[in-house]
Amino acid sequence: MAEYESIHGTRVRYLSSDPTLDSSTEGQVWYNSTSGTNKALVQIKAWSSSGPMTTARGNGGAAGTSTSAFVASGYTTTAVANTEEYSGFNWLAGGNVNTARPQTAGAGTETAGLIAGGFEPPSTGKTEEYNGTSWSEQNDMNVERRTMSGTAGTQTAALFFGGYRDITPTPNGAMNSTESYNGTSWTSESALNTAVWQNTGSGIQTAAVSVGGPPTQTEHYDGSSWTTDVAINTARLAAGAAGTTSNILFYGGTTDGGDTGLSAKTEEYDGTSWTEVADMAVARRGLGKAGASNNAIAMGGLGPAKSNTEEFTSSINVITAASWASGGNMGDKRAFSQGAGTQTAGIVFGGLWPSPAGGGGRIADTEEYNGSSWSEGGALNTGRSQTGGFGLQTAAVITSGVNPPGALTNITEEYNGSSWTTVNTNPLSLRDGSCSGTLTAGLFFAGTSSGSAPDISVTTVEYDGTNWTSGGNLGTARYGMGSAGTQSDTLGFGGYISGGGGLQSVVEAYNGTSWTSSPALAVSQFNGASGGTNSSQAWFAGGLVGSTPNISGITQQYDGTGWSGVTPLSTARRALVGGGTSSAAFGAGGYGPGGVNTLVNSTEELTGETSVATASTLTTS
């Protein structure tokens, strides 16, 4: 029998404790003499649940990445026309397709999507393109078909292959036909070696994979011809796939074409052979698929119609997703307050609360949070709502906003941990402005004087603990933005533009002098809680979201590269307040889905995602 060293080139080490677990030790095997176990650092492959789709469905057209995907049309108990967009955790409504139909295939991205084919009945070659808002009819495929694969490529460079053709009155059955799409028209390409239907696939237009269908074989496409490759372990129809020609994930489906043979099996191809890895939690067929082999997404499906979303990860790290948990309730129910500080030393001041006369009153109340409970602090000298605020629990600033009986103010006050003192006024009398920084180095920007489009500000002012001075102007005027950072390193994101502009996904970064564009939010968001330490780390939770605004608990986080969704707030709400960082934050108060009569005083605490390299114990069986 060959020894481990002769196979892998290294010896099994004998250690009293585990070595440092990082990428340098990946693949190593050792014996831990203290625990008496053989251990190794290998990739952990697992599926985890994500946010469910709003409409349970299967056999829709789907494509995209693990943080930005779509599912369009499909079947519940009848054909549906609606589209849903996935942000990495949450689903939001998109535009309806022009022709509702199941058994389509998809390609492209959430903002440049493509679906083609399907079953009207009979089979159709209809093609539609998506721009992130609406679908438009394009040239039909050359051959009508349904239940084919179309997950290879982009909106302007796609490849669809296989499927089933049924032209009344003569059904033609499974197909080996392949067609490419260039953004305008379809072109016939080399045929598959074996006709298949209810197959799946992945890759790009010039390097694609077809997997499953009635046979177990796999075929690879190199841009000119198909080559039959090694077979999958379990023959399945209507499954999902993600990855490249040398690294593919194949998951779900049905072994008998119906609901009695539903499968949760997952197989992985490494360029040589197929290996069974972790099963999905929910067996299904006709599921939507997106992502890559190490972060694939399974969306919806049939057996019957399902809304479940699952994410696949392959990593040496055990990943614990970011999540919100209940904290202590504030003494007052309030909305449109301002806050500052950290998760264990937070502060909330001002806002709106119900008044005996009805309609709500602007308050001067201050509350302080220690990470578990709230206590009363010193009252503001001028009660108000929709203010700006920044700083720490013991050194905070409130500025601008709306005071009774609804007039704009530019009053600024400073808090020393026990009482508020009125100081030099802000040159801007605005509401719903955004802030960042500290008491001696603060920033106030954007906002509005009336809510109408001409009165939305792009102005920035800086505070040094005594005086206000002008800073650089924003590129896009809006109000109700989220914010994070310091006076010289701030991020401003989302917000609202009146007069038809609606909710925004625009993000800008400030370097102490000027604003520049930064990666946009995954989902347009307004009127939520936010925080973060700088322009490379931020979070935005709750508020109104989407192209058709609705109250949500959606939480987005920024890592310096892009925005992704994490576990949402337990209670959907808007006009809430918050503070802290992406790894430890709080959100409190606000209005629930029922509107102004649903003020809440609940607090939720965010614990950020953790990723820890974890060794596996080797056993025999």
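Nothing in this text is a laboratory measurement; each read-out follows from the coordinates by a stated rule. Fair warning: this is a prediction, and the values are worked out from it, not measured in the lab. Every residue, glycine as well, gets a Cβ built from its backbone with ideal geometry; the counts of neighbours run over all protein chains shown.
What to note about this one:
- Modelled label positions at Ala191 and Ile167, each set 7 Å beyond Cα in the direction of Cβ, lie 1.4 nm from each other.
- Given the alternatives (i) 1.18; (ii) 1.02; (iii) 1.09, Cα Rg over 2.2 N^0.38 Å as computed for this entry is given by (iii).
- For the chain, the tally of Lys pairs with Cα-Cα distances below 19 Å comes to 5, considering only residues 8 or more apart or on different chains.
- Region 326-532: C-alpha gyration tensor shape, a/c 1.5 cut-off, then a/b vs b/c: rounded
- Using a Förster distance of 41 Å, the FRET efficiency for Thr227-Ser48 (Cβ separation, nearest 0.05): 0.75
- Once the Cα-Cα distance is subtracted from the 0.36 nm per residue extended length, the Val458 to Ser35 segment shows a gain of 146.1 nm.
- Cα centroid separation, region 424-487 to region 544-591 (Å): 21
- Here each label is just a point 7 Å from Cα along the line to Cβ, and for Thr206 and Ala81 those points are 3.9 nm apart.
- Segment Ser323..Ser419, full-extension length gain: 31.2 nm, with 0.36 nm per residue of separation and the alpha-carbon distance subtracted.
- Estimated FRET transfer efficiency (Thr440, Ser375; beta-carbon r; R0 41 Å; 0.05): 0.95
- Counting every other Cβ atom within 10 Å of each residue's Cβ, Leu92, Leu443 order from fewest to most as Leu92, Leu443.
- The alpha-carbon positions of region 465-621 define a convex hull whose volume is 176 Å³ per residue.
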